[in-house]
Amino acid sequence: MTRRRWRTTRRTALVQLACVTVTLFMGLPLYLIALAALSSRESLDRFPLALLPTGVSVDTMTAFLGSTGVLPAFRNSVEIGLLSLVLSLLLGVPAGYALARFAFRGRDPYQLFLLLVRALPIVVLAVPLARVFLSTGLYDTTYAVALVHTALALPTTVLITSAVFVSVPVEHEEAAMVFGATAPRAFARVVLPQALPGIAAAAIFTFVTSWNEVFGAAVLTLNRRSLPAQVLTTLSDSPLAYRFAGGFALVVPALVFIALMRRYLLNMWGSTVR
């Protein structure tokens, strides 16, 4: 009994050590970016740079946020991210449900085709898409960028939601229809609530993918750039302090969105039927 308890304790300690290591690996760059963005110019120019805040200042962040085009680009990024999220869920959730519930000819090749879509780099697609959007009048609009981001995120949304719908027993849906519910009502009242954690995970992936994507937004827009595209085009020759401020401004909204959706995801996870 003592030896078994010692093995359990060692396994728990190793798991915790691995979690701490991964957290430090992911969190240290974020901390350094925040430290540089919120430091005074004097403390940032010191060598070596202190690992603890010594001269906290928001002057650089204030100057960056007050720069021409930053706040409009921030609004464009939020609009593009939310529109991509809505379109991805509207198209991906029904497709994932169809893959999970119905056996049809070509289902396996269809799933492979979804993965192949992710294999195409945005560099290959950007120039043809720019030509198409120029001819249709969508060039230099947030809708064009949202459509591209939806196409990038849709395969993952379909595969995530289909895996979650598979975990929801079909008997629950059939029982609801036995008691008089129509198929759409059974889906909305029985299946969908149990699949919300997977839908939340797909929403997180879609929004973060859209928020961080820069090349497509830079090619498809001139005056309606997203925040990453704006930072790329305006801060390439700027002082180092403003680059850190731009990086910090890009990271914080994505982290806030992930934190909010993660809380919702964990609260709903207990309702998922495995």
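So here's what we get for this one:
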{"item": "Helices (runs of 4 or more DSSP H) contained entirely in region 36-103, each with at least 2 residues that are of a type outside the set (D, E, K, R) and at pLDDT 85 or above", "result": "70-101"}
{"item": "Selected residue [hydroxyl-bearing (Ser, Thr, Tyr) and without any contact (Cβ under 8 Å) to a residue 60 or more places away in the chain] from TYR97, TYR110", "result": "TYR110"}
{"item": "Top-ranked residue in region 203-220 [being β-branched (Val, Ile, Thr) and either surrounded by fewer than 21 Cβ atoms within 10 Å (Cβ to Cβ) or at pLDDT below 85 (or both); ranked as farthest from THR156 (Cα to Cα)]", "result": "VAL219"}
{"item": "Selection from region 117-126 of residues that are exposed (fewer than 11 other Cβ atoms within 10 Å of the Cβ), in a helix (DSSP H, G or I) and of a type outside the set (Gly, Ala, Ser)", "result": "VAL123, VAL124"}
{"item": "Selection status of ALA200, at pLDDT below 80, surrounded by 17 or more Cβ atoms within 10 Å (Cβ to Cβ) and among the aliphatic types (A, V, I, L, M)", "result": "no"}
{"item": "Single condition GLY81 does not satisfy, out of (1) surrounded by fewer than 17 Cβ atoms within 10 Å (Cβ to Cβ); (2) touching a helix residue (DSSP H, G or I) at 6+ places or on another chain (Cβ under 9 Å)", "result": "(1)"}
{"item": "Residues located in region 2-45, provided they are within 19 Å of GLY247 (Cα to Cα) and small (Gly, Ala, Ser)", "result": "GLY27, ALA34, ALA36, ALA37, SER39, SER40, SER43"}
{"item": "Condition check for ALA146: buried (at least 19 other Cβ atoms within 10 Å of the Cβ) and within 23 Å of THR233 (Cβ to Cβ)", "result": "yes"}
{"item": "Filter result for SER43 (within 30 Å of ALA144 (Cβ to Cβ) and in contact (Cβ under 8 Å) with a residue 12 or more places away in the chain)", "result": "no"}
{"item": "Selection count where residues are without any contact (Cβ under 8 Å) to a residue 60 or more places away in the chain and part of a helix (DSSP H, G or I), scope region 127-148", "result": "6"}
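The values are calculated or read from the model by the stated rules, or taken from the named source; none is laboratory data. This structure is a prediction, so every number in the text was calculated from the model and none was measured. A quick note on method: Cβ atoms are made from the backbone with ideal geometry, for glycine too, and the neighbour counts reach across all protein chains shown.
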